[in-house]
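The values are calculated or read from the model by the stated rules, or taken from the named source; none is laboratory data. If you're wondering where the values come from, they're calculated on a predicted model, not measured in any experiment. Positions of Cβ are generated from backbone atoms using ideal geometry, with glycine treated the same way; all protein chains shown enter the neighbour counts. Surface areas here come from the heavy atoms of the whole protein model, side chains and all, with no ligands, DNA or RNA. Shrake-Rupley method; radii C 1.70, N 1.55, O 1.52, S 1.80 Å.
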Amino acid sequence: MLRQFLGALGVLTTVAPDRIVEVFETIAVENADENTVHSWFGLLIRVEGVVLTLAALCDSRLYAWLLNVTGIVGTVLLFVPRLYEQIAGALVYENPESVEWNERLTDGVRVIGAVYVLLALLDRRRRNRA
């Protein structure tokens, strides 16, 4: 089920990267209209979508690796959520210092981190039983 969800998310990310950015900005950024997204960021999101789709549909090792990385990222998000703002700001925006993050973002990042860790642990357990 998780694999199918990740595959669908990958397809969505591949075909609608600009919409993904819009949703991210609506949730995470207070002054989205005042910031400029890097011109190459849409391509980066599209590549991420292709990797997610391929991992979900084709290769068990790529899928396992992806879930392991997800668990590591989730651990960082859970315990150091403000680091996300620094990395995302620099990765997404031309002037990251001008980004005003939503005040609830830190809690949301922690929740996402916990979910990532849980998904990685569940997948690890499933692989160990197989």
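How big is the charge dipole of the chain about its Cα centre, in debye rounded to the nearest 20, if each Lys and Arg gets +1 on its Cβ and each Asp and Glu gets -1 on its Cβ?
So the dipole magnitude of the chain works out to roughly 1280 debye.
Would you mind working out the accessible area per residue for the range 29-108, using a 1.4 Å probe, and quoting it in Å²?
Using a 1.4 Å probe on heavy atoms only, each residue of the range 29-108 averages 62 Å².
Pop out the carbon and sulfur fraction of the accessible area of the chain as a percent, whole number, probe 1.4 Å.
63 percent
Apply 1/(1 + (r/R0)^6) to the Cβ-Cβ distance of Thr106 and Arg19, taking R0 = 22 Å, and write down the FRET efficiency to the nearest 0.05.
That gives a FRET efficiency of 0.35.
In whole Å, what three semi-axes, largest first, describe the equivalent ellipsoid of the chain built from its Cα gyration tensor (square root of 5 times each eigenvalue)?
For the chain, the semi-axes come out at 27, 18, 11 Å.
Set Lys and Arg Cβ to +1 and Asp and Glu Cβ to -1, take the dipole of the range 1-124 about its Cα centre, and tell me which of Cys58, Val117, Gly89 lies farthest positive.
Projecting each Cα onto the dipole axis, the largest value belongs to Cys58.
When only DSSP loop residues count, what GluC sites (Glu not before Pro) in the range 62-130 have their Cβ near at most 12 other Cβ atoms within 10 Å?
When the GluC sites (Glu not before Pro) of the range 62-130 are filtered for loop state and at most 12 Cβ neighbours within 10 Å, Glu94, Glu100, Glu103 remain.
What does the charge dipole of the range 65-125 about its Cα centre add up to, to the nearest 20 debye, if the Cβ of each Lys and Arg holds +1 and the Cβ of each Asp and Glu holds -1?
The calculation lands at about 440 debye.
Among Leu43, Ser98, Val73, whose Cα sits farthest toward the positive end of the charge dipole of the chain (+1 at Cβ of Lys/Arg, -1 at Cβ of Asp/Glu, about the Cα centre)?
In the chain, that residue is Val73.
Amide H neighbours of Val29 under 5 Å, counting only residues 5+ apart in sequence or on other chains, H built in-plane at 1.01 Å?
Asn102
Given the Cα-Cα distance of Ser98 and Leu9 and 0.36 nm per residue of separation, how much length would full extension add, in nm?
Between Ser98 and Leu9, full extension yields an extra 29.1 nm.
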